[in-house]
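> Please see the structure below; I have some questions.
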Amino acid sequence: MYGTNMGIRKRLTWVLIIASGMFVILMSRLAWVQFVHGDELQKKALEVRMRDIPVEAKRGAILDRNGNELVTSISVDSIYATPGHVKEPQETAEKLAPILGMDFDKLYTKLTKNSSFEWLERKVDSEASQKIRELNLPGINFVEESKRYYLHPSLASHVLGFTGTDNQGLIGIEKSYDAELRGQPGRIVTEYDAAGREVPEAIHQYIPPKPGYDLVLTIDETIQYFVERELDKVVAQYNPKFALAIVMDPETGGILAMGNRPTFDSSRWTEEPREIWDKNPAIYYNYEPGSTFKIVTAASALDEGTVHAGDSFYDPGFIKVADHNLHCWKAGGHGSQTFAEVVQNSCNPCFAEVGMKLGKDNFYKYIKAFGLGAPLGINLPGEASGIIIPQKNATNLNLAIMAIGQSIAVTPIQLISAAAAVANDGVLMKPQLVKELRYNGKTIKKIKPEKVREVVSAETSRQLRNLLESVVAEGTGSNAFVEGYRVGGKTGTAQVVGEKGGYVSGKYVASFAGMAPVDDPKMVMLVVIAEPQGGSYYGGVVAAPVFQAIARDTLRYMGLPEIPSQKKPKQPWEVETPSANVTVPNVLNYPVDEAIQILKAAGLQYQTSGEGNIVCKQTPGAGGQVKNGTSVILNLQPVKQNGKDGELITVPNLKGLTIKEAGNILEEIGLRLVPEGTGLAVTQSVKPGTKVTGGTSVKVKFAPPDEDNDAQPPSGESNAVQEPSNITNPYEN
């Protein structure tokens, strides 16, 4: 009996020991969980029970320099579902689908998904939101978000850009300053039980969002309107591939306006083709500037002392460089002239001579100093750097051609910044679009204008501005003259470079770069019209009038005093001779540019009607007696003539045209081209103005422009047609 009791006691003792050990282990584990990992596990438990509903921050507004709102954000409802709370998914989907414009199956899938949160539709309009609220559907909830609202949808759209569904900036200022505009999102936190049901009197926490900063731009809304208005007009008249204009404050580098055509509605950007909104031509388009680049050439040579305003030059009509002839736009050249007149006349041979005298090292020094060949750092996405022949590869011929604005590619923002440096006493400023950041109406940060470097001296700047004034007052830029203000500038006409190198026949870029008032410039402007249609493509004809209209309204808007005596000087063909009668010359079947030159030489003015390159009708007719200064209406609509019933056709002047251009012209009027050689037209078998029957063959001799011949571009100051045909295209290097 005793042995049995001892056995039981021993077993009980072991049970007690084991139980006590297990209790100690459990208590130790409990203490470990409670005191060591308690906070971590409590947090995880809360995460299981809590549901986050994001609350989007209100995106900051974008204002113009005067505080006028250009972009703001408005409150809208976004609809979401808690699938576990939706009692009748099919019925709910049937009611919501037509209101939200969603596919029933897609909506039903979301309502039955095994999740605690599903977006149904973001940023719905107020009417749809109100209809859904009235349905009072279980499991369907609302959260307030903000939607971007562009007060003037197509105004400066490439500058402002737009946002995506998640309030992120995608292009333009919206993208560049996305971090500042977006703000910090908030949350609504709610407690749910294991079944996904909201717990009564549970933990509810609202973490408010922090709104984004407001941006104040350098853009002036009123000046931007002037730009957009004139761009619409030039598009309607010339139907170009695209058109742009930039207005800059030369003292600060601030962009007062930047407009492009075609444009788009920032609030409906998804409806537009990507190629319209994807890039901003004002900062990415690489193009040969043509004669507007002569501003850089002249500034460099004057500052270096290579040339002075009174230095004498002689232009025989061409200059020979490395066995190549670079021709002047004026047949026979300008003869003897000072450098001031070289600038006024936009004389290519003389500018080529200046470029070569300047030398490779000095020329490239100034090109780089003016900010060409590298991005300027304007805070917009997609800025290009331009294209420059590497200095080590540049030849004397390259220098001559670059001096007249060919064999070098710039962006519009680079060219206007270079012109602004001349206007700003030789100081180059970094282009600026944002002047300050605000929060709750208070200025948080001011962005000061940034000086890049002094490019030329103030004296050089003053001299060149006076020379540029003569271009507008007496030279090729007369159409940019603004009555009451001293305006200076430079026209440019350049041919378009093809994708595989070489120039594209019949495609040009017309431009004008100018500043006013010349004595103390408050604005600088660049107008670029790419590939205008309708026969006119010269910078002085197409781009200069756009400058004139914008500059006139901008200078008056700025409140700058007018000079009463500042009247536009009359050009030679505008001088009135009341007692003189003029015989109207015959320009029927002539290229429109040549016809215009003939009329001007006769003391007549002109108006054009229709589109095309050939004058098919003129009013008054040839031989009529009219007063000096009378306008002759030129009908440019091409009309195929067949020479039947004895109808005679007037042979046009084909000199200086390519084989393709001459062939197209003759074909349009019912004649046949018999070409001989290649290059530009030098002579033709039938004299211009001769009347022949339809189908007559005209034998035309063509020769490369590098041969010692008199081939010239049709008229005006286009540089592009003057490049020797056997010069290697710099963009192929």
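The values are calculated or read from the model by the stated rules, or taken from the named source; none is laboratory data. Owing to the predicted nature of the structure, the values given are computational and were not obtained by experimental measurement. Heads up, the Cβs are rebuilt from the backbone with ideal geometry, glycines too, and the neighbour counts pull from every protein chain shown.
> One residue is enough: does region 292-307 have a residue meeting the conditions in contact with a strand residue (DSSP E or B) (Cβ under 7 Å, 6 or more places away or on another chain), hydrophobic (A, V, I, L, M, F, W, C), surrounded by fewer than 24 Cβ atoms within 10 Å (Cβ to Cβ) and in the same structural domain as Lys360 (by TED's automatic domain parsing)?
no
> So Ile408 passes all but one of these: (1) buried (at least 19 other Cβ atoms within 10 Å of the Cβ); (2) closer than 24 Å to His158 by Cβ. Which condition number does it fail?
It is condition (2) that Ile408 fails.
> Hey, does region 541-564 have a residue that's modelled with pLDDT under 75, surrounded by 12 or more Cβ atoms within 10 Å (Cβ to Cβ) and either in contact with a strand residue (DSSP E or B) (Cβ under 8 Å, 6 or more places away or on another chain) or in a loop (DSSP other than H, G, I, E, B) (or both)?
no
This table checks each residue for (1) closer than 23 Å to Val487 by Cα; (2) of a type in the set (Phe, Trp, Tyr); (3) buried (at least 17 other Cβ atoms within 10 Å of the Cβ).
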| site | (1), (2), (3) |
| --- | --- |
| Gly310 | yes, no, no |
| Lys330 | no, no, yes |
| Ser336 | no, no, no |
| Glu341 | yes, no, yes |
| Asn345 | yes, no, yes |
| Gly355 | no, no, yes |
| Lys365 | no, no, no |
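> Can you tell me how many residues in region 125-138 are outside any helix (DSSP H, G or I) and modelled with pLDDT of 80 or more?
Number satisfying all stated conditions: 3.
> Report, by residue number, each residue of region 384-419 that is of a type in the set (A, V, I, L, M), part of a loop (DSSP other than H, G, I, E, B) and within 22 Å of Met356 (Cβ to Cβ).
Residues satisfying the conditions are Ile389, Ala394, Ile404.
> Next up: Any residue in region 632-657 that's farther than 24 Å from Gln597 by Cα: show its pairings with residues that are at pLDDT below 70 and surrounded by 14 or more Cβ atoms within 10 Å (Cβ to Cβ) at Cβ separation under 7 Å, as long as the two are six or more apart or on different chains.
So the pair list comes out as Glu647/Gln641.
> In this structure, does Pro375 turn out to be within 26 Å of Gln414 (Cα to Cα) and either at pLDDT 90 or above or over 32 Å from the mean Cα position of the chain (by Cα) (or both)? Outline the logic, then answer.
Working: within 26 Å of Gln414 (Cα to Cα): yes; either at pLDDT 90 or above or over 32 Å from the mean Cα position of the chain (by Cα) (or both): yes.
Yes; evaluated as a whole, the condition is true for this residue.
> Any idea how many residues of region 62-97 are at pLDDT 85 or above, surrounded by fewer than 17 Cβ atoms within 10 Å (Cβ to Cβ) and not in a loop (DSSP other than H, G, I, E, B)?
1
> Moving to a separate point now. Only residues that are more than 20 Å from the chain's Cα centre (by Cα) and either among the charged types (D, E, K, R) or not assigned by TED's automatic domain parsing to the domain that holds Ile550 (or both): list them for region 491-504, please.
Step one: filter region 491-504 for residues more than 20 Å from the chain's Cα centre (by Cα), giving 500-504.
Correct list: Lys500 only.
> In the list Lys365, Lys357, which residue meets the criterion of being under 18 Å from Val422 (Cβ atoms), assigned to a helix (DSSP H, G or I) and either in the same structural domain as Ile295 (by TED's automatic domain parsing) or under 31 Å from the mean Cα position of the chain (by Cα) (or both)? Reasoning before the result, please.
On the way: Lys357 fails: under 18 Å from Val422 (Cβ atoms).
After ruling out the rest, the residue left standing is Lys365.
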